[in-house]
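In what follows, a structure is listed as structure tokens, so that the remarks can point back to it.
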Amino acid sequence: MRLVVSVQAAGFEEKPAEGHLATGLLVEPGAVLVPAATEGIAEATAGIDLLVLPLGEAGRVERLVAERVTFSPLPGGKGRRFAVIRMANDDSRHEPNVGEFTGSRLDEALDRHEGDLWAALEHLGVIAPGSRDAVTPELLRRVPEVVAEQRKPEFEEPDDGLVPGDRCDLLPTCRKEPA
């Protein structure tokens with residue numbers, strides 16, 4: 001599944017387009033890579049949310065909380081840097097969407113693309129083309145509606161054939177008596 005992460009200033013749950021600071025990539029369930037770390041991230045002292053956005057119909061939108069942001073400079077001098085953001089308590093349920101690469105291959109790609117980490121990752125084939133521009137205002141404007149729909153629970157009745165009829169099949173702490 002293709003997905004991207006909107007790095008958000010905290011407090012923009014209803015207007016995520018206004019809270020968007022940067023676009024990131026899920027590199028492991030508990031970490032987001034921001035290939036072009038803007039100044040806005042460092043200035044978000046009230047907190048940072050990570051809005052994990054599946055692109056397409058499948059998958060759930062997740063809003064997770066950042067705990068630690070680590071910045072690192074990129075080669076080429078131009079003041080570019082990337083960031084890795086670690087999540088506070090919960091990891092994403094989504095699979096990371098950045099493939100593996102070696103340091104030497106990354107260095108070569110960064111040299112070829114003048115320190116542009118987005119372009120280097122695309123060149124290496126470890127991210128989907130167009131990921132840099134995938135977080136659009138239109139996508140973010142739809143998020144509150146999608147999240148509201150996702151919060152609606154499914155209701156099942158035991159006699160409809162979807163749920164086992166034995167109470168112990170439903171209750172996690174219930175053990176069936178030995179036969």
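The single condition from (1) out of contact with any helix residue (DSSP H, G or I) (no Cβ under 9 Å at 6 or more places or on another chain); (2) open to solvent by less than 20 Å² (accessible area, probe 1.4 Å) that Thr102 fails is (2). One residue is enough: does the range 115-128 have a residue meeting the conditions modelled with pLDDT under 80, farther than 19 Å from Thr38 by Cβ and in a helix (DSSP H, G or I)? Checking the range 115-128: not a single residue is modelled with pLDDT under 80, farther than 19 Å from Thr38 by Cβ and in a helix (DSSP H, G or I). Is it the case that the range 63-72 has a residue that's touching a helix residue (DSSP H, G or I) at 6+ places or on another chain (Cβ under 7 Å) and either of a type outside the set (A, V, I, L, M, F, W, C) or buried (at least 17 other Cβ atoms within 10 Å of the Cβ) (or both)? Yes: one or more hits. Among the residues of the range 16-25, at least one is open to solvent by 30 Å² or more (accessible area, probe 1.4 Å), at pLDDT 95 or above and farther than 24 Å from Glu149 by Cβ.
Can Gly11 be described as within 21 Å of Asp90 (Cβ to Cβ), among the small types (Gly, Ala, Ser), touching a helix residue (DSSP H, G or I) at 6+ places or on another chain (Cβ under 9 Å) and not in a strand (DSSP E or B)? Yes: the conditions hold for Gly11.
Of all residues in the range 75-97, none satisfies the criterion of being within 13 Å of Val34 (Cα to Cα), touching a helix residue (DSSP H, G or I) at 6+ places or on another chain (Cβ under 6 Å) and not in a strand (DSSP E or B). When the criteria are applied in full, Gly59 fails the requirement of being of a type in the set (Gly, Ala, Ser), modelled with pLDDT of 95 or more and either surrounded by 15 or more Cβ atoms within 10 Å (Cβ to Cβ) or in a strand (DSSP E or B) (or both).
The values are calculated or read from the model by the stated rules, or taken from the named source; none is laboratory data. Please read all numbers here as calculations on a predicted model, not as lab measurements. Glycine gets a Cβ as well: all are built from the backbone with ideal geometry, and neighbour counts include every protein chain shown. The area values use the complete protein model at the heavy-atom level, side chains included, leaving out ligands, DNA and RNA. Shrake-Rupley method; radii C 1.70, N 1.55, O 1.52, S 1.80 Å.
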